[in-house]
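Report on the following structure.
Each reported figure results from applying straightforward, stated rules to the coordinates on display, with no laboratory input. As the structure is a prediction and not an experimental result, all values here were calculated from the model. Using ideal geometry, Cβ is built from the backbone for each residue, glycine included, and neighbour counts are taken over all protein chains shown.
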Amino acid sequence: MNKDNCFQLGYVAKVHGLHGEVNVVLDVDYPEDYEDIKHVFVEQKSRLIPLFIEHFVLQHANKVLAKFEDYDTVEKVSELVGSALYLPLSELETLGDDQYYYHELIGFEVLDQNQEQIGEIKVIYDLETQDLLGVEHKGKEVLIPIQDGIVQKVDKAAKKVYCHLPEGLLDIYLED
């Protein structure tokens, strides 16, 4: 399995107890949609390794108590702490025309409120405090917040994102 064909479901936060259980933090909008999964891929040494799940119990919000097959000791699961967990993109639900997953926006063109081209989306920064579009503009990276007032419309068919940029945002990045 290749990371380009996957999305990050979450990560292993810490060991739980003495029998190989771990606490997993999910990075998804609807954690309950993943309660019945049978396997995940864990990133180890830049490779994705399949792990089969004995149990995956939603505790509260985005926290899960998980147990993987063949991981029965604290020592063995300790190696997983901090590791990202992935699922294939095919496991994502199909969205409507007016909805999108962040990974779909890579390569889209960003236009401002005057229909002027800002640049191409190169990366999405999914941060705790705010999600950002990383857009290449005049040879520099410009970070555009993904917020309702700023991202006005996403046209998936045309591969365009229409934004109402805060005044002076681009100037900050173009200054030396």
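Placing a pseudo-label 7 Å from each Cα along the Cα-to-Cβ vector at Tyr173 and Asp33 gives an inter-label distance of 2.8 nm. Between Asp4 and Val81, the modelled labels are 3.5 nm apart [label points 7 Å from Cα along Cα→Cβ].
Dipole orientation for the chain: of the candidates Gln59, Phe7, Asn114, Phe7 has the Cα lying most toward the positive pole (charges on Cβ; Lys, Arg +1; Asp, Glu -1). Of the residues Val161, Tyr86, Leu105, the one whose Cα sits farthest towards the positive end of the charge dipole of the chain is Tyr86 (charges of +1 on Lys and Arg Cβ, -1 on Asp and Glu Cβ, taken about the Cα centre).
Taken as Cα centroids, the range 69-102 and the range 115-159 sit 25 Å apart, rounded to the nearest whole angstrom. Computed from the C-beta positions of Gln59 and Lys159 and an R0 of 35 Å, the FRET efficiency is 0.35 to the nearest 0.05. Compute the FRET efficiency between His19 and Tyr100 as 1/(1 + (r/R0)^6), taking r as their Cβ-Cβ distance and R0 = 35 Å, and round to the nearest 0.05. Once the sixth-power term is evaluated, E becomes 0.30. Rounded to the nearest 20, the Cβ-based charge dipole of the range 102-174 about its Cα centre (Lys and Arg +1, Asp and Glu -1) stands at 240 debye. For a straight C-alpha distance cut-off of 28 angstrom, the lysines reachable from Lys14 (same-chain residues fewer than eight places away being disregarded) are Lys3, Lys38, Lys45, Lys63, Lys67, Lys76.
Near Asp36, once Lys and Arg are set to +1 and Asp and Glu to -1 for all other residues with Cβ below 15 Å from its Cβ, the sum equals -4. Note on the range 3-91: with charges restricted to the Cβ of Lys and Arg (+1) and Asp and Glu (-1), its dipole about the Cα centre is near 320 debye. Taking 12 Å as the cut-off, the amide N atoms of the range 136-176 that come nearer than this to a point 7 Å along the Cα-to-beta-carbon line of Val123 belong to 136, 141-143. The magnitude of the dipole of the chain, with charges of +1 and -1 set on the Cβ of Lys/Arg and Asp/Glu and taken from the Cα centre, is near 440 debye.
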